[in-house]
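Novice: A single structure is presented below for examination.
What follows is calculated from the coordinates using simple rules that are stated; it is not laboratory data. This one's a predicted model, so the numbers in the text were calculated from it and none came from an experiment. As a convention, Cβ positions derive from the backbone with ideal geometry for all residues, glycine included, and neighbour counts pool all protein chains shown.
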Amino acid sequence: MLKIKNIVKKTKRNVFALNDVSLTVTKQEVIGLAGPSGSGKSTLLRCIQELEKVTSGRIEKTGKSGFMFQDFQLFPHMTVLQNLLYAPQINTPKQDHKESALTFLKKLGIPDIKDAFPGTLSGGQKQRVALARSLMMHPEILLCDEPTSGLDVATIREIITLLKSVQDLGITMIIASHDLDFLTKISDRIILLKEGKIVADMQPSQFEDPIDYLTKLY
């Protein structure tokens, strides 16, 4: 599904954002990316999505990937439905994507906001719209950058349920987050990055207190 082999990513100032990172992800696996700010979590996601080029090494990816941005990046002048239809209509303009968009909005519990503009939505609603928009491209791999950032506890619980339903669709996920509690509840494996290197690759289910284990490695 995804093989990352010895990738290095240097910044313009020749600083290592990623330093010899290797990782294999299997189909339908949920990988959590943990680590302090500046550890390389978002950079790794952006390199997988080819939003940034690696300095060296290889990323071998089977299937299409979708990206959920931390700040949602919804078009403010478009309705929710228009946001969902924008990319598919560019890629395959001869197809009618409206029914698919309405289906995703219904699955995510927000069919009633299809005509609303992003500025009128709550953080949780924007997150659901961003997720629906990503799913519209039918990705095999979904990359999520800080999906719970700025959300309250109740909404985070909803996001966990939503992402688990995405996994049930057969989609592999790689999720970057500062929230260790969230990651331990959603992930099959957690990769801990520090200063651009992998310092831990663990399964939360194998630890009595995975958060304590990860915290000690920060």
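Novice: Which angle between 0 and 90 degrees, to the nearest 10, do you get for helix 153-168 versus the longest principal axis of the chain when only C-alpha atoms count?
Specialist: Helix 153-168 sits at roughly 90 degrees to that axis.
Novice: Can you pull the one-decimal nm distance between simple spin-label points at residue 71 and residue 28, each 7 Å off the Cα toward Cβ?
Specialist: If labels sit at residue 71 and residue 28, their model points lie 3.7 nm apart.
Novice: If each DSSP helix of 4+ residues adds -39,500 (n - 2.57) and the sum is divided by the residues in the chain, what number results at 222 nm, nearest 500 deg cm²/dmol?
Specialist: -10000 deg cm²/dmol
Novice: Test of understanding: what is the full-extension gain from residue 122 to residue 208, defined as 0.36 nm times their sequence separation minus their Cα-Cα distance?
Specialist: Contour length minus the Cα-Cα distance gives 27.4 nm.
Novice: Please give me, ordered by residue number, the GluC sites (Glu not before Pro) of the range 38-96 that lie in loop per DSSP and have at most 16 other Cβ atoms within 10 Å.
Specialist: Of the GluC sites (Glu not before Pro), the ones in loops of the range 38-96 whose Cβ has at most 16 other Cβ atoms within 10 Å are 50, 52.
Novice: Let me know the shape class of the range 1-77, please: from the alpha-carbon gyration tensor, a ≥ b ≥ c as square roots of the eigenvalues, rounded when a/c is under 1.5, otherwise prolate if a/b is greater than b/c, or oblate.
Specialist: oblate
Novice: How far is it, in nm, from the label point at residue 168 to the one at residue 12 when both lie 7 Å from their Cα along the line to the Cβ?
Specialist: The answer from the label model is 4.6 nm.
Novice: If you don't mind, there's one more thing I want to ask. When the chain is treated as a GNM, springs tying every alpha-carbon pair under 10 Å, which of 127, 206, 49 comes out with the largest mean-square fluctuation?
Specialist: Per the Cα network of the chain with a 10 Å cutoff, 206 tops the list.
Novice: Cα gyration tensor of the chain, axes a ≥ b ≥ c as square roots of the eigenvalues: rounded (a/c below 1.5), prolate (a/b > b/c) or oblate?
Specialist: prolate
Novice: Still on this structure, I have one more. What FRET efficiency, computed as 1/(1 + (r/R0)^6) with R0 = 41 Å and r the Cβ-Cβ distance, is obtained for residue 160 and residue 95, rounded to the nearest 0.05?
Specialist: 0.80
Novice: So what are the three principal axis dimensions of the range 133-218 from its Cα atoms, in whole Å, longest to shortest?
Specialist: Extents along the principal axes, in whole Å: 39, 28, 24.
Novice: How long is the gain from residue 152 to residue 115 if the chain were fully straight, where each residue apart is worth 0.36 nm and the alpha carbon distance is subtracted?
Specialist: My answer for the length gained is 10.8 nm.
Novice: Let me ask something additional. Please identify the trypsin sites (Lys or Arg not before Pro) of the range 72-178 that satisfy two criteria: DSSP loop assignment and at most 12 other Cβ atoms within 10 Å. Which are they?
Specialist: 94
Novice: Of 35, 57, 124, which has the largest mean-square fluctuation in a 10 Å C-alpha GNM of the chain?
Specialist: Residue with maximal mean-square fluctuation among 35, 57, 124: 57.
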